[in-house]
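Take a look at the structure below.
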Amino acid sequence: MIIKYNVQLQPYNSFRTKASAKILCEPQSAEELSEIIRTFPDERKLVLGNGFNLFFTKDFEGLVIKPAMRGIHILTETDRCVEIEVGAAEDWDQFVAYCVENSYAGIENLSLIPGSVGASPVQNIGAYGTEVMEVITKVKAVELQTGNHKELSSEECGFGYRDSIFKRSGLHVITSVVFTLEKSFQYKERYIDLSRELEGISSPTLAQVRNAIIRIRNRKLPDYKILPNAGSFFKNPVLTQQEKDQLQLKLPDAPVYNVGEGQFKTSAAFLIDKAGYKGKRRGMVGTSTHHSLIIVNYGTENGREIVAFMHEIQQEVRKQFGIMLEPEVRIY
Ligand code: EPU
């Protein structure tokens with residue numbers, strides 16, 4: 001197993017902020033992972049996927065664990081569906097491409113989301129009307145405190161909008177994820193932007209849906225290799241009926257979606273835009289000129305500059321519209 005000391009974390013986060021880790025390991029199996037956890041019982045621990053949804057503001061005086069378990073294995077197959085176990089370190093979009101090539105339906109809407117398979121349940125990745133929780137049947141993990149192996153059913157994962165037990169408790173390292181995917185596909189309209197992109201195609205195939213999503217994302221989302229970023233910076237806020245009514249008095253054209261149980265989701269991008277922050281820049285940090293929900297790094301190595309800009313946006317949106325935006329990205 002690879003164990004390194006005093007490691008610079010800049011290449012390990014897509015925002016490219018600088019920080020060092022006392023120890024970093026890359027276990028290639030659940031057994032290696034248990035062993036390393038038991039070797040360093042007293043070190044603080046931090047689990048890193050491919051680093052597309054977090055950045056650092058300070059050094060980490062402990063053990064950083066970067067799971068390196070690979071492999072895509074079919075567990076069971078019937079006429080209707082297939083159950084596949086995928087190692088945590090596999091690249092998410094390569095797995096989506098594999099599924100589309102083999103006509104396994106269910107995650108095509110999640111094409112081109114950067115990151116690892118192991119990170120996908122942590123924040124229950126979602127896009128274009130699909131969330132990964134819909135196709136996850138099991139998550140295999142190792143407990144950070146004991147090194148014991150554990151299997152969690154989908155219910156035990158406690159999934160919510162960009163949320164799960166893994167994000168809330170931080171007590172597990174995911175080693176593999178089990179997905180159940182359908183072997184037939186019928187396109188359903190769930191997201192207006194996607195249906196618009198597919199206009200003129202009467203019955204889109206999986207590959208056509210994937211390609212449409214890749215086109216939309218490439219148009220809207222900045223490339224982290226050119227302008228370092230971590231995708232959507234804030235969550236879309238969920239409002240009560242009263243908060244929604246207050247918002248619509250101030251912003252009658254605010255997009256609002258009923259998400260059930262008397263709750264409504266609005267668009268963080270729209271609020272940031274209306275607060276005057278689309279394409280705004282402060283020193284080496286700013287929001288993308290194409291999409292106001294994405295904070296981009298124009299050249300700082302200091303994560304605290306990103307945090308300062310985040311606070312500025314939060315305060316301005318709260319002052320103008322009475323809504324507190326919550327970061328979706330993790331900050332260490
Ligand atoms: N909008 C603006 N200004 C902008 C951009 C968007 O006002 O600069 C408004 C428009 O009204 C637009 C609405 O925001 O219709 C929604 O925009 P979009 O469809 O791009 O979706 P989003 O809410 O900004 C969410 C996810 C994305 C996901 C897209 C597509 C969250 C936090 N973000 O973004 O996920 O790709 O939907 O489904 O839920 C990510 O999590 O990193 C991510 C990129």
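No lab work stands behind these numbers, since they all come straight from the coordinates. What you see is a predicted model, and the numbers here were worked out from it, not measured in a lab. Heads up, the Cβs are rebuilt from the backbone with ideal geometry, glycines too, and the neighbour counts pull from every protein chain shown.
The table below lists the values:
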{"item": "Pairs of Cα atoms farther than 22 Å apart, region 214-330, %", "result": "34 percent"}
{"item": "Total formal charge among the other residues, if their Cβ is under 11 angstrom from that of residue 58, Lys/Arg +1 and Asp/Glu -1", "result": "0"}
{"item": "Residue-count net charge about residue 43 - beta-carbon cut-off 13 Å; Lys, Arg +1, Asp, Glu -1", "result": "+2"}
{"item": "Least to most buried among 4, 265 (fewest other Cβ within 10 Å first)", "result": "4, 265"}
{"item": "Convex hull of the chain built on C-alpha atoms - directionally averaged projected area, nm²", "result": "17.4 nm²"}
{"item": "Theoretical ellipticity at 222 nm over the chain - DSSP helices of four or more residues, -39500 (n - 2.57) apiece, nearest 500", "result": "-7500 deg cm²/dmol"}
{"item": "For region 72-218, projected area of the alpha-carbon convex hull averaged over all directions, nm²", "result": "8.7 nm²"}
{"item": "Non-local Lys pairs in region 72-218, i.e. 8 or more apart or on different chains, that have alpha carbons under 29 Å apart", "result": "9"}
{"item": "For residue 140, net neighbour charge (Lys/Arg +1, Asp/Glu -1) across residues whose Cβ lies under 11 Å away", "result": "0"}
{"item": "Two-site FRET efficiency, residue 155 against residue 258, from Cβ-Cβ distance with R₀ of 25 Å, rounded to 0.05", "result": "0.55"}
{"item": "Hz values of 3J(HN,Hα) by residue in region 264-277 - Karplus curve (6.51, -1.76, 1.60), Gly and Pro given as x", "result": "9, 9, 10, 9, 4, 4, 5, 5, 5, 4, 5, 6, x, 10"}
{"item": "Estimated vicinal HN-Hα couplings, Hz - region 53-65 in sequence order (Karplus 6.51, -1.76, 1.60; Gly, Pro = x)", "result": "9, 7, 8, 10, 10, 7, 5, 10, 8, x, 9, 8, 10"}
{"item": "Residues 44, 330, sorted so that the one with the fewest Cβ neighbours within 10 Å comes first", "result": "44, 330"}
{"item": "Residue order, fewest to most surrounding Cβ atoms within 10 angstrom, among 154, 232, 202, 164", "result": "202, 154, 232, 164"}
{"item": "Largest-first principal axis extents of the Cα set of region 2-65 (Å)", "result": "31, 20, 16"}
{"item": "Percentage relative contact order, region 229-331, counting C-alpha pairs under 8 Å, at least six apart", "result": "32 percent"}
